[in-house]
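Here's the structure, in structure tokens; my notes come after.
FYI, it's all coordinate maths here, none of it is from the lab. These numbers were taken from a predicted model, which means no experiment stands behind them. Cβ: placed from backbone, ideal geometry, glycine included. Neighbour counts: every protein chain shown.
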Amino acid sequence: VSIARFHVFSGTGNGRFIAEKIASGLESRGFATEVIEVCASRIEALRLVRGGGHAEGALGDLKVAREPGDLDVFVFPVYAMAVPRLMNRYMRALGKAKGRGSAARPGTAKPRAAILSANGRISDKVRDGHEGQALAQAQRILSRGGWDVEYRETFDYPHNITNAFSAADDGRRDSIVSLMEGRIEKVVADLAEGRRYLRPCRLWAHVVGWPFGWLYRIFGRRCFGMLFAADERCDGCGACAARCPAKAITMRGGRPAWSYACEGCERCINLCHKNSIQTSLLRLAVIVVICSTLDACPLKPLVLTLLAFLPGWASGLVWTVLSIIIGFVLMRLIDIILVELARIGFMRPILGFGWTRWTRRYKAPVSPRR
Ligand SMILES: Cc1cc2nc3c(=O)[nH]c(=O)nc-3n(C[C@H](O)[C@H](O)[C@H](O)COP(=O)(O)O)c2cc1C
Ligand code: SF4
Ligand code: SF4
């Protein structure tokens, strides 16, 4: 029996749903399947094992050499036209892939890999989301790790950017999901029969997606984490902290506090049973004020004088990078104060005030396997 192993990072459940649908399809075609959840703890365990340490149970069957028919399927959502940082780190942490057995298909002994992404769309009429360069980027990472990437495909699912916009209601969600049913069946058949297909990545998607992805990875996701706040309805259940895949939430004084480790996956804001997690307008205002005043920072003339030996563009670049670091440090310091203020009851509605109090959360479709 061939094994299909699904390595799934899914913030809000679309990727998980796709993986489970395809796993069911492959099971009905004789595969055994395994679903491995990608999260920060698993990456730490992989690194520990690769460093010679021991992490019992954390690896599943990952260390077992592949048989000829075996297949590893990497599933993740698209963030800013790129692979999410957590998935990127996971694929690298896997290290060199173990090759297939002696009966490998002619021409290659590399293990087989497929890449599937979930991207987002708002409308069920026009395709308003795009995978950008995510599939090509994942293929580069896996190929360097010794995989033979023989398949890459994307699925348009409902957008989950709930910290900014209202999510689709059940009706629109279902009609977007139903548009992908034929593709799910095709992918099951292709993977089971070993057909190759690499969804093309156009030049524009590389050109736009690469910088967009980097900007999100460095700044965007950190800002998302700093914008979250729990309002007065939070009952301290701790579910958001327990289920954060990046371990970015800690409970302080019975209330959640976010850190720069946030990936912006949107799980916490969508899972809170009190709808208590908001994009805080107060925090947004703090970030805007910090950004707009950095250029007037008294350190700027001093830094530029010290760097006078550099050409103007180089010293300007150094200052830009430095000012961004200063901005992040400042925000972190203010964050400590805001978290402390949230201990005071009457401050909670103020700190957690934002338009997301009135917008809809996202509930992903649930696979019958669960
Ligand atoms: C931070 C962030 C960035 C996103 N960027 C894109 C994008 O560039 N293109 C796109 O089509 N969808 C984008 N999306 C939407 C998600 O990829 C999409 O909703 C996906 O189906 C979510 O999968 P999940 O439920 O498995 O997390 C983004 C979502 C988030 C949270
Ligand atoms: S924010 Fe929501 S999920 Fe997190 S502790 Fe409060 S009630 Fe629980
Ligand atoms: S803090 Fe929330 S959005 Fe950020 S990684 Fe954790 S669950 Fe996802």
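Across the options Leu191, Ile176, Asn270, the greatest Cα extent toward the positive end of the charge dipole of the chain (unit charges at beta carbon of Lys, Arg, Asp, Glu) belongs to Leu191.
Quote the charge dipole size of the stretch 255-342 about the Cα centre in Debye, to the nearest 20; the model charges only the Cβ of Lys and Arg (+1) and of Asp and Glu (-1). Display every interim value, and only then the final one.
Values: 6 positive and 5 negative charges, 31 e Å.
Result for the stretch 255-342 is approximately 140 debye, rounded to the nearest 20.
By the Cβ distance rule (another cysteine Cβ under 4.7 Å), the unpaired cysteines of the chain are Cys39, Cys201, Cys223, Cys234, Cys237, Cys244, Cys262, Cys265, Cys272, Cys291, Cys297. If you sort the three axes of the alpha carbon gyration tensor as a ≥ b ≥ c, you get a/c of 1.5 or more for the stretch 173-323 and a/b no higher than b/c, which makes it oblate. A Cβ-based charge dipole, computed about the Cα centre of the stretch 80-198 with Lys and Arg at +1 and Asp and Glu at -1, lands at about 900 debye. Counting only alpha carbon atoms, the long axis of helix 312-341 and the longest principal axis of the chain meet at about 80°.
Can you flag which of Lys186/Lys274; Lys21/Lys363; Lys186/Lys363; Lys98/Lys363; Lys110/Lys247 are past 28 Å Cα-Cα?
Details: Lys186/Lys274 39 Å; Lys21/Lys363 17 Å; Lys186/Lys363 25 Å; Lys98/Lys363 37 Å; Lys110/Lys247 33 Å.
Pairs exceeding the cut-off: Lys186/Lys274; Lys98/Lys363; Lys110/Lys247.
Given +1 on the Cβ of Lys and Arg, -1 on the Cβ of Asp and Glu, and no further charges, what dipole in debye does the stretch 170-328 carry about its Cα centre, rounded to the nearest 20?
Numbers: 20 positive and 12 negative charges, 46 e Å.
So the dipole magnitude of the stretch 170-328 works out to roughly 220 debye.
Peptides 120-133, 183-196 ranked from most to least packed by the mean count of surrounding Cβ atoms within 10 Å: 120-133, 183-196.
Can you classify the chain as rounded, prolate or oblate using the Cα gyration tensor, where a ≥ b ≥ c are the square roots of its eigenvalues, rounded means a/c under 1.5, and otherwise it's prolate if a/b beats b/c and oblate if not?
prolate
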